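Shown next, in structure tokens, is the structure this report addresses.
Coordinate-derived values only; no laboratory data. Since the structure is predicted, the reported quantities are computational estimates derived from the model, not experimental observations.
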Amino acid sequence: MGHYIARRLIYVLVVVPAVTLVAFTISFVLGVLALLFAAIYARVVRGNMIDTMGEDYIRTARAKGLSERQVLTHHGMRAGR
């Protein structure tokens, strides 16, 4: 009975915090990497959108009377990715 309590105490005081720390560290690193790649992707999309918004079919869509939101979502975002 005494060994069971000692093992359980070691498990609770050593193993659980260590596993929790490792899981937190891994999730933190993955979160930082996700933010880094999201920033890079946003910069690329922004550059492509700037180029796309000067195209002839965008001007045609504006001339047809579409709202700026429709021009951005239907024409710009499809080509700007």
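Details
- Among Val32, Val16, Val71, the largest mean-square fluctuation in a Gaussian network model of the chain, built with springs joining Cα atoms closer than 10 Å, belongs to Val16.
- Correct option for Rg and Dmax of the Cα atoms in Å [calculated from the coordinates] among (i) 26.6, 84; (ii) 13.2, 39; (iii) 17.4, 50: (i)
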